[in-house]
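Accompanying notes for the structure given below.
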Amino acid sequence: MSMSDGTAAIIAAAIGAAVGIPGAIGAGVIAYRAGRRQVADQGVVDHRHWRRQNRFDAYERFLAVTDEALQVMDDRVHGRAGNAVVVAALEKLLAAQARVRLAGPDAMWQQAKEITEAFHGVRRQLQGPRGWMPIPGQAWAGMVQSVTGPQSQFVVAAAKMLDDPDQ
């Protein structure tokens, strides 16, 4: 029994369809999954960038406010500022610390909190029972170091945190 050209063409088309259709469907599924994965990966990259920028802004603001607070304290020690200015500077410092807490992670917030507590410790040393006390230069330098030491550690930790996108 011989196969006619028409029958052979029909059989070839059937075999081609049997292999081609599942192959096309498989290729479509793979392309769909790859597209979804690419979108998910881009979402992760975008989120990491957003988180890094948010942290950078919070850390930068906190450091700027610590510099301002230190200047205000220095002005108060040398009689160039009043108590209200010191109180306002410490309130700004607390607000900046809260932003660091929101930006995270907890380790950075703990360091920001340590700096804020150092500032309050300096204020307590300067403000005696009868008001602000005169401070000798050497004592003031030690008080400044109690703030700038932790501030420097914060800078190093912030740089490390911002360099690691998985933190």
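Amide H contacts under 5 Å for Ala81: Arg76, restricted to partners 5 or more places along the chain or on a different chain, H placed in the peptide plane at 1.01 Å from N.
Sequentially through the range 115-124, phi angles give Karplus couplings (6.51, -1.76, 1.60; θ = phi - 60°) of 5, 4, 5, 5, 4, 5, x, 4, 4, 5 Hz, Gly and Pro residues having no value and appearing as x. Taken along the Cα-to-beta-carbon direction at a fixed 7 Å, the label points for Thr7 and Arg37 span 4.7 nm.
Placing a pseudo-label 7 Å from each Cα along the Cα-to-Cβ vector at Glu91 and Gln138 gives an inter-label distance of 3.8 nm. Give me the percent of Cα-Cα pairs in the range 49-96 that sit more than 13 Å apart, rounded to a whole number. Counting pairs separated by more than 13 Å, the tail of P(r) holds 56 percent.
Applying both filters, DSSP loop and at most 10 other Cβ atoms within 10 Å, to the trypsin sites (Lys or Arg not before Pro) of the range 42-135 gives Arg130.
If R0 is taken as 41 Å, the Cβ-Cβ distance between Gln71 and Asp166 corresponds to a FRET efficiency of 0.70. Label sites at His47 and Arg130, each approximated as a point 7 angstrom past Cα along Cα to Cβ, lie 6.1 nm apart. Take every pair of alpha-carbon atoms less than 8 Å apart whose residues are at least six positions apart; their mean separation over the length of the range 82-141 yields a relative contact order of 24 percent.
For the range 68-133, a Kirkwood radius taken over Cα pairs fed into Stokes-Einstein (25 °C, viscosity 0.890 mPa s) yields D = 197 µm²/s. By the gyration tensor of its Cα atoms, with a ≥ b ≥ c the square roots of the eigenvalues, what is the shape of the range 28-167: rounded for a/c under 1.5, prolate for a/b over b/c, or oblate? It comes out prolate by the Cα gyration axes.
Mind running the shape call on the range 110-152? Use the C-alpha gyration tensor, a ≥ b ≥ c as the square roots of the eigenvalues: rounded below 1.5 for a/c, prolate if a/b tops b/c, oblate otherwise. Judged from the Cα gyration tensor, the range 110-152 comes out oblate (a/c at least 1.5, b/c at or above a/b).
Read-outs throughout are calculated quantities, based only on the coordinates presented, and are distinct from any laboratory measurement. If you're wondering where the values come from, they're calculated on a predicted model, not measured in any experiment. Neighbour counts are summed over all protein chains in view; Cβ atoms, including those assigned to glycine, are modelled from backbone coordinates with ideal geometry.
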